[in-house]
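The structure appears below as structure tokens.
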Amino acid sequence: MTSDQVPPDPSGELHPDHPRGLMARFRTYFLTGLVVAGPVAITLYLTWWFVNWVDNLVRPFVPTAYRPETYLPFGLPGSGLIVAVIALTLLGFLTANLIGRTLVDLGERLLGRIPAVRAIYRGLKQVFETLFSGNGSSFRRVGLVEFPSPGMWSIVLISQAPNAELAASLPGEEEHISVFLPCAPNPTTGFFFYVPKSKIIEIEMSTEDAATLIMSAGVVQPGSTDQKRAAALAGMANAARIANQGTANQATLRPAAPAKVE
């Protein structure tokens, strides 16, 4: 049996002996390499950017005699980050005692007398206390909401109930819950709205799995192993390759337009 008579694979994959063009193989290998190297490269880049940002932010506050580049012929990345962690830990230790709390209260009273700064400081303080407090419940639960139209369900992060004044302004007698609906593929943007409690279906899913599901547009499902994730990404690349090949074949088989006879 010649290579032109090889039967197609029932699974949809091309047979190893099936002739493939050089560009098709190049595209397949390139997509495979991109799937492997892309997440690693982006993670390293973001980590490097964050470390350098903290270093540049902290370096002006460190005396020259204590900087690593004073004694080394090159800078030491991450030294500013270490100083920032130690300084924040020390600040938290000092704030935990009576003198520290007194100084913090005095600073808050001073900021509270500045009209423009007061609203910004109070809002940011509430956000940080909610996100980083150990007993906070915001964005620790995941649910489903019927949005943007009936029959279509979106994943939301469940926050807290509105305060008494805002709850009294909402229509109806049912309790409302504030939720955040992340957008794909960037979950840092989205929509915030209040939903009646009975309209939310809470599901057993961590916020990390929900973020992964949203960023991958459903390709990586919760509980998937590394093998399943790689297979899903490879399947996407293979589907794109087959679609491109089908388009090229259609263009080849399309009859040419008849020549115009003068």
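Each value in this text was obtained by applying a stated rule to the coordinates, not by laboratory testing. Quick caveat, the model's predicted, so the values are computed rather than measured. A quick note on method: Cβ atoms are made from the backbone with ideal geometry, for glycine too, and the neighbour counts reach across all protein chains shown.
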Checklist line | Test result for I86, of a type in the set (A, V, I, L, M), surrounded by 13 or more Cβ atoms within 10 Å (Cβ to Cβ) and either part of a helix (DSSP H, G or I) or under 27 Å from the mean Cα position of the chain (by Cα) (or both) | finding: no
Note to self: Scan segment 68-83 and tell me whether some residue there is outside any helix (DSSP H, G or I), among the aromatic types (F, W, Y) and free of Cβ contacts under 8 Å to residues at least 60 places away in the same chain.
What the structure shows: yes
